[in-house]
Amino acid sequence: MKTHRARGVISVAILTLAALASPAGSRVLAQGKGTIKIATQSPLSGGQAALGEGIKLGTQLAIEKFKGPLERMGFTVELVPFDDQAKPDVGVANAKNIISDKDILVVIGHLNSGVAIPSSEVYKDASLAMISPANTNPTVTDRGYPNVFRVCGRDDVQGAVGAEFAKSLGIKTAYVIHDKTTYGQGVAEFFKAEAEKKGIKVLGFEGSEERSNFDPIITPIKARNPELIYFGGLYDQAGPFFGQSREKGVKSRFMGPDGMDSSDLTKIAGKAVVGMYYTSVAGPVSVYPQAKQFAEEYRKKFGKNPEPFAAQAYDATAIALRGIAAAGKGGRMPGREEVAAAIHAVKYTGITGTIEFDKKGDPKKALYFVLQVTSDNPEKWGENREVKRLLIASPAPTM
Amino acid sequence: MDFALLIGIFPQVLLDGLILGFMYALIALGYTMVYGVLEFINFAHSEIFVTGAFVGVEILLGLQHAGRLAGVPPFLVLLLLLAAGMAVSGLLAVAIERIAYRPLRGAPRLIPLISAIGVSFFLQDLIRLIESIWRNAFNLVYPGLEPLNRRFELTATVDVSVKALVVIAASLLMLLALHLLVNKTRLGTAIRAVAEDQATASLMGINVDRMISTTFLIGGAMGGAAGVLFGVQYSLINPYTGFIPGLKAFTAAVLGGIGNIPGAMMGGLVLGLLEAFAASYLSLLTGGAFGAEYKDIFAFSVLILILIFRPKGLLGEVVRERA
């Protein structure tokens with residue numbers, strides 16, 4: 001990052017000279033200090049685009065809202081959205097483009113842990129800070145990289161919260177399905193481990209990449225009649241699975257992790273998912289009292305309700321901008337390493353609560369929710385009932 | 001091991017497998033007919049299939065939006081969907097042949113193959129583009145046609161839905177119609193003549209280009225019908241939904257003996273059944289060591305075994321004799 005710093009120093013020097021030379025208002029001149037870019041990486045196309053777009057729009061809103069201090073320091077702040085298509089290879093390719101653009105100082109992303117983990121290896125080589133609004137797989141931060149942060153909870157806790165809640169419902173038998181991704185299988189395994197510890201009998205544990213025809217998976221499940229089916233995965237796959245299960249007469253209760261949290265779930269599965277429970281690391285905007293104004297501004301600007309993780313992306317971006325401002329104190333263009341270090345020190349109270357990072361980049365304490373789907377109308381997804389809310393400390397580093 | 005459970009779900013798995021198998025069979029026909037006539041694999045066929053599914057869902061959503069869905073008898077709606085899906089997919093197949101394959105007919109055989117792969121990608125993203133502009137949606141859901149979703153519980157573990165029976169009946173009817181068309185009509189005779197020897201057929205006064213177009217029309221229409229049935233049965237579709245069923249159906253066509261119409265039907269059924277049985281029974285039989293995710297590995301291992309002993313497929317490959 002030496003060249004970077006050198007460039008910053010030179011540009012500051014030039015600007016100072018220019019400012020001395022002409023008294024024509026420092027504001028105009030200050031604009032010339034350089035551009036700071038914030039990149040987002042999330043799926044903007046494909047089946048998970050609804051959530052991915054929420055991350056992008058949340059970031060956009062936050063930049064517009066909080067760029068003031070940096071602009072006063074003389075920088076322009078820009079958003080550069082990338083579409084990772086929820087695919088690890090695309091995420092990594094984008095990451096390589098991102099690190100080669102020296103103006104990008106922070107990445108807000110990803111949605112999928114399976115994409116975030118390999119992509120952050122690329123960021124790490126360039127010491128580029130990544131703040132994740134949504135990645136819950138423990139590995140994301142457990143590698144202990146100094147540039148990787150998240151503002152949400154973790155799957156080892158989330159899976160356990162789900163199992164504990166199932167136990168409190170009086171569930172005795174469960175069947176676990178997952179999507180074979182880092183995220184889905186991960187959280188499903190944590191659920192299973194905790195459920196077994198609590199005395200729930202796990203009748204089966206299956207992974208499937210199937211997207212449309214779940215008949216052959218449902219048939220044995222139906223025959224064994226578990227009291228609960230837990231789906232570790234995302235709504236675009238869980239939707240048809242739950243829908244077809246009910247259609248085939250499966251009477252079990254349904255449950256899932258935060259990957260269920262999208263209005264598209266009811267769009268796909270309709271009545272089948274009404275009454276189902278899901279855990280989340282990101283409650284609906286309605287559960288955060290401070291987020292009301294955010295939701296209104298979001299609706300006004302983009303004409304739709306904020307999807308889950310939009311508020312988290314908003315907070316993550318606010319933290320990023322603070323970190324950059326702190327690292328660039330004195331109006332100097334900060335290097336990436338400095339930004340990452342500064343982000344580590346940020347303590348920020350945003351719309352989703354107070355965020356402070358531990359050594360690994362996890363939030364010291366994170367909120368976990370248990371929610372229940374209340375309506376088959378996708379418009380009413382934001383009104384899902386909050387059943388339980390827990391503030392749990394992130395597990396201590398095991399390194 | 002729970003034998004009562006294993007036996008109890010058997011009829012259900014059989015039924016699941018048959019539905020899937022008929023779907024594969026309908027799609028496989030498109031591959032096999034084109035191969036029979038041109039000796040080339042139309043890899044764009046999976047998109048022709050998915051186009052049928054999209055035409056169906058668009059009509060359903062349109063009817064629903066206009067508030068007309070409740071008034072019309074559901075079987076009439078289904079017929080309309082099938083007719084529209086078959087027409088659009090059939091014409092699309094004809095257009096693809098005219099634009100992307102016919103100019104390459106004299107070229108080495110790998111060239112139209114590459115063209116087909118290109119068309120496949122093009123269509124996937126074209127559908128995605130149209131749907132994202134038109135509905136701003138990626139996944140589309142077939143609205144339920146109420147009486148079709150009705151189920152009959154036969155035993156505690158076995159039940160049949162009306163739509164499953166409809167899918168099977170519709171597939172059977174279409175396969176039968178195709179069989180009669182190809183074997184009992186003048187048109188069918190002409191298609192078979194072109195498949196056997198293009199030069200001689202044209203000397204006999206058969207318009208070869210038109211017969212090739214007709215082949216694409218029929219194969220495409222079958223694919224479109226399969227698309228509609230797929231949507232009705234499994235409800236969720238997206239622009240890339242066609243890829244995997246297309247690949248499986250191609251496999252089914254090879255398994256049955258590519259170029260062989262009864263072979264494609266049989267290959268589809270065998271593959272569908274293998275898949276259903278593997279997905280349902282693997283984890284039960286291995287105590288969870290191998291789960292449903294191994295269904296494709298199991299199904300394809302069996303296929304490889306079959307093809308080792310019958311390299312030309314179950315019913316033998318049909319290849320025209322070169323004069």
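Numerical summary
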{"item": "Filter pass, A:LYS304 being among the basic types (Lys, Arg), at pLDDT below 95 and in contact with a Leu (Cβ under 9 Å, 6 or more places away or on another chain)", "result": "yes"}
{"item": "Which listed residue is farther than 28 Å from A:GLU164 by Cα and either in contact with a His (Cβ under 8 Å, 6 or more places away or on another chain) or outside any loop (DSSP other than H, G, I, E, B) (or both), from A:TYR298, A:TYR368", "result": "A:TYR298"}
{"item": "Among the residues listed as B:MET33, B:MET23, the single one being surrounded by 24 or more Cβ atoms within 10 Å (Cβ to Cβ) and either within 14 Å of chain A (Cβ to nearest Cβ) or in contact with an Asp or Glu (Cβ under 7 Å, 6 or more places away or on another chain) (or both)", "result": "B:MET23"}
{"item": "Scan of region A:212-224 for residues that are touching a residue at least 40 places away in the same chain (Cβ under 8 Å) and either crowded, with 21+ Cβ neighbours inside 10 Å or on the phi > 0 side of the Ramachandran plot (or both), ordered by number", "result": "A:ILE217, A:ILE221"}
{"item": "Residues within region A:237-273 that are away from chain B (no Cβ under 13 Å) and farther than 23 Å from A:GLU164 by Cβ, tallied", "result": "0"}
{"item": "Residue within region A:203-214 that is more than 7 Å from chain B (Cβ to nearest Cβ), at pLDDT 90 or above and in a strand (DSSP E or B) present", "result": "yes"}
{"item": "Residue check for B:ALA93: small (Gly, Ala, Ser) and assigned to a helix (DSSP H, G or I)", "result": "yes"}
{"item": "Index of the failed condition, A:LYS180 passing every other in (1) outside any helix (DSSP H, G or I); (2) modelled with pLDDT of 95 or more; (3) outside the structural domain of A:GLU53 (by TED's automatic domain parsing)", "result": "(2)"}
{"item": "Residue match in region A:163-177 (condition: within 29 Å of A:VAL92 (Cβ to Cβ), among the β-branched types (Val, Ile, Thr) and either away from every other protein chain (no Cβ under 14 Å) or not in a helix (DSSP H, G or I) (or both))", "result": "yes"}
{"item": "Any hit, region B:21-37, residues being outside any helix (DSSP H, G or I), modelled with pLDDT under 90 and farther than 15 Å from B:SER280 by Cα", "result": "no"}
{"item": "Top-ranked residue of region A:40-61 - restricted to ones that are closer than 10 Å to A:ASP236 by Cβ and in a loop (DSSP other than H, G, I, E, B), ranked as farthest from the other protein chains (Cβ to nearest Cβ)", "result": "A:GLN48"}
{"item": "Residue within region A:307-315 that is within 14 Å of chain B (Cβ to nearest Cβ) and either assigned to a loop (DSSP other than H, G, I, E, B) or out of contact with any Pro (no Cβ under 8 Å at 6 or more places or on another chain) (or both) present", "result": "yes"}
{"item": "Identity of the residue in region A:364-394, more than 30 Å from A:GLY275 (Cβ to Cβ) and touching a Lys or Arg at 6+ places or on another chain (Cβ under 7 Å), that ends up surrounded by the most Cβ atoms within 10 Å (Cβ to Cβ)", "result": "A:SER394"}
{"item": "Residues located in region A:190-201, provided they are more than 13 Å from A:GLN158 (Cβ to Cβ) and surrounded by fewer than 20 Cβ atoms within 10 Å (Cβ to Cβ)", "result": "A:GLU196, A:LYS197, A:LYS198, A:GLY199, A:LYS201"}
{"item": "Among (1) at pLDDT below 90; (2) more than 14 Å from every other protein chain (Cβ to nearest Cβ); (3) at positive phi, the one test that B:GLY205 misses", "result": "(1)"}
{"item": "Every pair of residues 6+ apart whose Cβ atoms lie under 8 Å, when the first sits in region A:114-128 and is touching a residue at least 40 places away in the same chain (Cβ under 8 Å) while the second is of a type in the set (Phe, Trp, Tyr)", "result": "A:GLY114/A:TYR183"}
{"item": "Residues of region B:132-149 classified as out of contact with any strand residue (DSSP E or B) (no Cβ under 7 Å at 6 or more places or on another chain) and either facing chain A (nearest Cβ under 10 Å) or modelled with pLDDT of 80 or more (or both), total", "result": "10"}
{"item": "Index of the failed condition, B:PRO147 passing every other in (1) free of Cβ contacts under 8 Å to residues at least 60 places away in the same chain; (2) assigned to a helix (DSSP H, G or I)", "result": "(1)"}
{"item": "Set B:LEU274, B:LEU305, B:LEU247: member being within 25 Å of B:MET174 (Cβ to Cβ), surrounded by fewer than 18 Cβ atoms within 10 Å (Cβ to Cβ) and either within 14 Å of chain A (Cβ to nearest Cβ) or not small (Gly, Ala, Ser) (or both)", "result": "B:LEU247"}
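The values are calculated or read from the model by the stated rules, or taken from the named source; none is laboratory data. Here the structure is a predicted model, which is why all the values come from computation and not from measurement. Here Cβ is always computed from backbone atoms with ideal geometry, including for glycine, and neighbour counts include all displayed protein chains.
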